[in-house]
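Reviewing the structure listed below.
Throughout, read-outs are computed from the coordinates displayed, never taken from laboratory work. In this text the structure is predicted, and so the values were computed from the model without any measurement. Ideal geometry is used to build each Cβ from the backbone, glycine not excepted, and the neighbour counts take in all protein chains shown.
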Amino acid sequence: DAGVIQSPRHEVTEMGQEVTLRCKPISGHNSLFWYRQTMMRGLELLIYFNNNVPIDDSGMPEDRFSAKMPNASFSTLKIQPSEPRDSAVYFCASSWDGETGEQYFGPGTRLTVT
Amino acid sequence: KNQVEQSPQSLIILEGKNCTLQCNYTVSPFSNLRWYKQDTGRGPVSLTIMTFSENTKSNGRYTATLDADTKQSSLHITASQLSDSASYICVVNFGNEKLTFGTGTRLTIIP
């Protein structure tokens, strides 16, 4: 199993540009999570999908952030327009049996907004 | 507000020594508590998951303990190795499908 796959691994963009992060969960997992990690705030859950349906998006910081999961094997996190304070490492994780199951994290996308 | 606090923030020990990392939480009700290891530049990897009814769980040289009465958990690492250098994150699930993360302990093992 290849594990959770994220792309790109690194993204540098200018303020105001649209950024799209991609995630492929582990095959057979029915839950997918997007996290953001910064030195100041640690890991924060942004949004959680179960069976491709968004269950909890209360962690999404503002309307500039949106996430989709069109099918069981793909999800995107979009930031439009991006701001310097969005600079962070964004992780995708997947699990079986919702949040009670063990979560497997991808390698992350390091986003830098200048 | 549910919080998870870890101590120390950072720790440096000699290779071969033991160490203990602490986690205090205020989350209630409590579903399960997890310890993750995160190597630099990589995603977190689960070490242990404990429910409120478990008070100890081991994974090789890693042993996690839980005292649900005092809302404290610890992660004990035995005979440390250079590869143990990482951040260790305590995560509490209070059952409403949202995990609360500690800010982690940065552990450095020196030869």
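Ordering B:Leu75, B:Leu107 by the number of other Cβ atoms within 10 Å of each residue's own Cβ, fewest first, gives B:Leu107, B:Leu75. The string of couplings for the range A:8-23 from the Karplus curve (6.51, -1.76, 1.60, θ = phi - 60°) is x, 7, 9, 9, 10, 9, 8, 3, x, 7, 7, 10, 10, 9, 10, 9 Hz, one whole number per residue in order, with x for Gly and Pro. Springs between Cα atoms under 10 Å define the GNM used for chain A, and in it the highest mean-square fluctuation of A:Asn50, A:Asn30, A:Asn71 occurs at A:Asn71. GNM on chain A, alpha-carbon springs under 10 angstrom: the most fluctuating residue among A:Tyr104, A:Tyr90, A:Tyr48 is A:Tyr104. Between amide H atoms placed 1.01 Å from N, distances below 5 Å from B:Thr48 occur with B:Trp35, all of them 5 or more places distant or on a separate chain. Working note: Karplus 6.51/-1.76/1.60 with θ = phi - 60° gives the range A:43-50 the couplings 8, 10, 6, 8, 7, 9, 10, 10 Hz, where Gly and Pro are set to x.
Under a model in which nothing but the beta-carbon of Lys, Arg (+1) and Asp, Glu (-1) is charged, the protein assembly as shown shows a dipole of about 360 debye around its Cα centre.
Think of each Lys and Arg Cβ as +1 and each Asp and Glu Cβ as -1; about the Cα centre, that makes the dipole of the range B:1-100 roughly 140 debye. Each label point was placed 7 Å from the Cα along the Cα-to-Cβ direction; for A:Lys78 and B:His76 their separation is 5.2 nm.
Could you work out how far the C-alpha centroid of the range B:19-37 sits from that of the range A:28-93, in angstrom? Value for the Cα centre distance between the two parts: 23 Å.
If you rank B:Thr56, B:Thr103, A:Thr109 by fewest surrounding Cβ atoms within 10 Å, what's the result?
Values: B:Thr56 12, B:Thr103 17, A:Thr109 21.
So the residues, fewest neighbours to most, are B:Thr56, B:Thr103, A:Thr109.
Fewest first, what order do A:Met39, B:Met50 take by the number of other Cβ atoms within 10 Å?
Numbers: A:Met39 8, B:Met50 18.
Going from least to most buried by this count: A:Met39, B:Met50.
In plain terms, if you count all Cα to Cα distances in chain B and split them into 5 Å steps from zero, the share in each step is 2, 13, 25, 25, 19, 10, 5, 1, 0 percent. Bin width 5 Å, origin at 0, all Cα-Cα pairs of chain A: what percent of pairs per bin? The distribution over chain A is 2, 13, 24, 27, 19, 10, 4, 1, given as percents. Once backbone amide H atoms are built at 1.01 Å from N, A:Ile47 has A:Trp34 as its partners under 5 Å, excluding neighbours fewer than 5 places away on the same chain.
What the Cα convex hull of the protein assembly as shown gives, in volume per residue, is 123 Å³. The GluC sites (Glu not before Pro) of the range A:1-31 meeting both criteria, a DSSP state outside H, G, I, E and B (loop) and at most 14 other C-beta atoms within 10 angstrom of the site's C-beta, are A:Glu14, A:Glu18. Proximity of backbone amide H atoms, modeled 1.01 Å from N, is registered between B:Asn32 and B:Asn93, B:Gly95 at under 5 Å, excluding neighbours fewer than 5 places apart on the same chain.
Here are some pairs, A:Lys24/A:Lys78; A:Lys24/B:Lys37; A:Lys78/B:Lys37; B:Lys37/B:Lys57; A:Lys68/B:Lys57; A:Lys68/B:Lys71; which of them have Cα atoms lying more than 25 Å apart in this structure?
Details: A:Lys24/A:Lys78 15 Å; A:Lys24/B:Lys37 22 Å; A:Lys78/B:Lys37 28 Å; B:Lys37/B:Lys57 15 Å; A:Lys68/B:Lys57 37 Å; A:Lys68/B:Lys71 36 Å.
Distance filter (> 25 Å) returns A:Lys78/B:Lys37; A:Lys68/B:Lys57; A:Lys68/B:Lys71.
Converting phi to 3J(HN,Hα) with the Karplus coefficients 6.51, -1.76 and 1.60 and the offset θ = phi - 60°, the range B:70-86 yields 8, 6, 10, 9, 9, 10, 9, 10, 9, 6, 4, 10, 4, 6, 7, 4, 4 Hz in sequence order, with x at every glycine or proline.
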